[in-house]
Every structure is written in structure tokens, then in C-alpha cells.
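The values are calculated or read from the model by the stated rules, or taken from the named source; none is laboratory data. Just so you know, these numbers come straight off a predicted model, no measurement behind them. Methodologically, a virtual Cβ is constructed for each residue, glycine included, from the backbone with ideal geometry; neighbour enumeration extends over all protein chains shown.
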Amino acid sequence: MPDTPRSPLANAYLRFLQLARAVDALPGASSLDANESALLEAVVLRWHEEQPMTVREAISIASLGSPATLHKRITRLREKNLLATYSQPGDRRAKFLVPTQQALDYFHHLGQSMQQAHIAHAA
Amino acid sequence: MTPRNPTPEVLVQSALLSLTAALLFVVLFRLNDFLFSFLQHAPGVNWVFLPGGFRVMLVLILGLPGAFGIAVGTLWLNLQGQELLPTGQMVLTCLASGFSPWFVKVWMHKRHQLDSDLQKLSAVTLLHFVALYAVLNAISHQSIRWFFIGTQSRIWLDVWPMFIGDVIGAVVVLYALKLSLPSLRRLLQKSVN
């Protein structure tokens, strides 16, 4: 990657984002409720299958709630820096949902916990 | 990643960041005095010291301009204080106030635990940083005091309230940031849109 010089203000903002990510991961009460967790899992599964879910598809998952409720839930997951959106270069109408690094870290942590529980159970 | 030969624009931005850091540090120092004066151990030493947490944030985010700003803010607070410290003690105290977190940052950078853009910063590294900073800050402040006032200083007694105050202050400030992040992100999204 080229060593692009940045202004002190840009550097400060980027460092703030990194600090925010670390602060978000500080131990404490989980900020995800069961409904948010279910929606995040559905989105991450589709992303894992390399078929990212669009916002329209996400708000149509009737088993998880009404479109208005799901829309609010997506907004909350974005505010918690667990979901991000992107559009295809040729089509800005469809917005795709993808997990952020923080969401992937969260699932990594869950995976580790399951592994530890499995080892403890086997022992 | 700032240019090697700073342009006037970079210098102006750095000065602006230093000034902002100084202002924020002074405001939080006064707020801490207002909220927790009943927990004061000695002038400038409190069992809960919120500016201690702010030092961590300012130096991690702003780097050297942040450290310089904290030193300037501390100088201003000292000049406004009821008892004026001798010049040498005042200057060294200000430098310790601003640069102890910066030295920890540099030390962790040298040990490859932190990089200048904070890309390696995790929650564990952050807590590690807070602990190291609180140790260095308390020891440097109390050592300076001991050097200037000698036997009147109770270094082994006074170092603990400062250390604990900085740790509690840092934890409170970082968790306050954690709680306010969703609102901050909402504000940023609105301002971008």
C-alpha cells in the first residue's frame, strides 16, 4: 500500500475510529439483545454463503419481525458498528448488508467460547 | 502518517489540535474538581481523576499534539492555582502530565504492541496502556515532587491515590465513550448524509 501522507486531522479521526473499535470490545454487558443477535446471524450466514443480503431482503424476514421493526434493528446494528452497507458500482439502488470486523470478532469470540465449553465437557 | 516536512497547513492543524487538547483537559479538570472535590487527597491528586482518562484518549488519538496540549493545559491550571510551584517543578510536572502517556505509547510502539495508526489496538492492549500510563504518571509526578521538596514529600503514600485515581478516571472515561458510541455514530452518519 502506498505511504499516503494524511493531515493531522484525518489521522486523528482514523485513530478515533480505531479507539472506538477497541472501546466497543471492552468487557461489559452485551449490548446485543436476542432479536438483534438473530438478525445479525441471518445476515452473516448469507454473507458467509457469498450471497450478501440486501436491506430489502432483511426487512422482509417475517419470522424476525415487521419491516419497520427490522429496519430499526438494522439501524441499531449499524450504530453498534456490527453491520455496514455497500452498493454495487453499477447499481446504487440495492444496498447490501455486510458484517464489520467487529461483528466478525464477535463471532470469533463465540466460536472460541463454544470450543472451550466443548473441551470442558469432554474432559 | 504525517508528511516528513510539515507544510504550514499541517503545522496549523497540529497547533489547533494541541489547543483543543489543552482546552478539553482544563474543562475536564475543572469538572472533576466540581464533581469529586470531596475525594481529593491533595491538590491535583484525586481518588477519581477523570482528566487521567482524557489523557489516554487525547494522546492515543492526537499523538504528540495531544501530549503537548495536555502539558500546556496543566501549565495553565498551575498558573491559576492558589500556590504557585517553583518554575522547575512546574515545568517538569507539566511535561510529566502531558508526556507520560506519550512515552507509554512510544514504548508500546517499540515493543510492537501498538502502531501509530492504532490498527493493533484491542481492548486488552488499551487496558494494558491505561495500567502502564497510570504507573508512569504517578511515579513521575511524585518523583518530581520528592526531588523538589525532599523529606516533606510522602512519595510511597501519595503515589497510590494518584495511580488509583488515574486508573478509575480512565475506566470511567472509556466506558462513558463506549456507552455514547451509538449516539456518536448516529450523529456522524447524520452529518455525513
(request) Would you check if A:Thr69 is at pLDDT 90 or above and either at positive phi or of a type in the set (Ser, Thr, Tyr) (or both)? (result) yes
(message) I'd like to check something: does the stretch B:78-95 contain any residue that is acidic (Asp, Glu), in contact with a helix residue (DSSP H, G or I) (Cβ under 9 Å, 6 or more places away or on another chain) and surrounded by fewer than 16 Cβ atoms within 10 Å (Cβ to Cβ)?
(response) no
(message) Can you list residue pairs whose Cβ atoms sit under 8 Å apart, with the first residue in the stretch A:12-24 being at the interface with chain B (Cβ under 7 Å from one of its Cβ atoms) and in contact (Cβ under 8 Å) with a residue 24 or more places away in the chain and the second being in a helix (DSSP H, G or I) and not charged (D, E, K, R)? Count only pairs 6 or more apart in sequence or on different chains.
(response) A:Ala20/B:Leu177; A:Ala20/B:Leu181; A:Ala20/B:Leu184; A:Asp24/A:Gln102; A:Asp24/B:Leu181
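Looking only at the stretch B:107-124, count how many residues are without any contact (Cβ under 8 Å) to a residue 40 or more places away in the chain and either closer than 11 Å to A:Gln18 by Cβ or of a type in the set (A, V, I, L, M) (or both).
Within the stretch B:107-124, the subset without any contact (Cβ under 8 Å) to a residue 40 or more places away in the chain is B:107-115, B:119-120, B:122-124.
Filter once more, keeping what is either closer than 11 Å to A:Gln18 by Cβ or of a type in the set (A, V, I, L, M) (or both): B:108, B:114-115, B:119-120, B:122-124.
The number of residues fulfilling the criteria is 8.
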(request) Name every residue in the stretch B:105-128 that is assigned to a loop (DSSP other than H, G, I, E, B) and either of a type in the set (A, V, I, L, M) or touching a Lys or Arg at 6+ places or on another chain (Cβ under 9 Å) (or both), in order of residue number. (result) B:His112, B:Gln113, B:Leu114, B:Ser116, B:Asp117, B:Leu118, B:Leu121, B:Ser122
(request) Would you please name the residue that is farthest from the other protein chains (Cβ to nearest Cβ), looking only at residues in the stretch B:125-136 that are in contact (Cβ under 8 Å) with a residue 24 or more places away in the chain and β-branched (Val, Ile, Thr)? (result) B:Val135
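Condition check ((1) within 14 Å of chain B (Cβ to nearest Cβ); (2) exposed (fewer than 15 other Cβ atoms within 10 Å of the Cβ); (3) more than 20 Å from B:Arg185 (Cβ to Cβ); (4) out of contact with any Lys or Arg (no Cβ under 9 Å at 6 or more places or on another chain)) across all residues:
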residue: A:Val43; (1), (2), (3), (4): no, no, no, yes
residue: A:Ser60; (1), (2), (3), (4): no, yes, yes, yes
residue: A:Leu77; (1), (2), (3), (4): yes, no, no, yes
residue: A:Pro89; (1), (2), (3), (4): no, yes, yes, yes
residue: A:Phe96; (1), (2), (3), (4): no, no, no, yes
residue: A:Gln102; (1), (2), (3), (4): yes, no, no, no
(message) List the helices (runs of 4 or more DSSP H) inside the stretch B:1-104, counting only whole elements, that have at least 3 residues being over 11 Å from the mean Cα position of the chain (by Cα) and in contact (Cβ under 8 Å) with a residue 12 or more places away in the chain.
(response) B:8-36, B:64-80
(request) For the stretch A:61-73, state whether one or more residues are free of Cβ contacts under 8 Å to residues at least 12 places away in the same chain and closer than 30 Å to B:Ala123 by Cβ. (result) yes
